[in-house]
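Undergrad: One structure is given below, represented as structure tokens, and several questions about it will come after.
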Amino acid sequence: MRTKEYWRNWTKAAGVRAVKTVAQTAVGAIGASMAMGDVNWPLVASTAVLSGIVSALTSVAGLPEVPVTEKQEGQADENGK
């Protein structure tokens, strides 16, 4: 079982990734819309929010910046605990 500290770290890391993804997607969508001459704000917002949701769901598979120790995976240490 993973510890509370692991989940706190995971939530923070996943949140940071999702916010960065939302910002990057919004900038890309705004830039593409400006090139076409008109910014469709509902499209920008929905695209950015969807990218944040996908980022959070992808983080469920694991985050390299949040290491999992052997003890967190439920494996016994050298004393069998």
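Undergrad: Using the Cα centre as the reference, give the magnitude of the dipole from point charges on the C-beta atoms of region 1-71 (Lys, Arg: +1; Asp, Glu: -1; all else neutral), rounded to the nearest 20 debye. It would help to have the intermediate numbers written out before the result.
TA: On the way: 7 positive and 4 negative charges, 70 e Å.
Charge dipole of region 1-71: 340 debye, to the nearest 20.
Undergrad: What value does region 1-75 have for Rg/Rh, both radii from Cα atoms and Rh as Kirkwood defines it? Before the final figure, lay out the partial values.
TA: Numbers: Rg = 16.7 Å, Rh = 14.0 Å.
Using Cα coordinates only, the ratio equals 1.20.
Undergrad: Of the listed peptides 39-45, 27-33, what is their order by residue-averaged count of other C-beta atoms within 10 Å, with the highest listed first?
TA: 27-33, 39-45
Each value in this text was obtained by applying a stated rule to the coordinates, not by laboratory testing. Here the structure is a predicted model, which means the values were calculated and not measured. Neighbour counts are summed over all protein chains in view; Cβ atoms, including those assigned to glycine, are modelled from backbone coordinates with ideal geometry.
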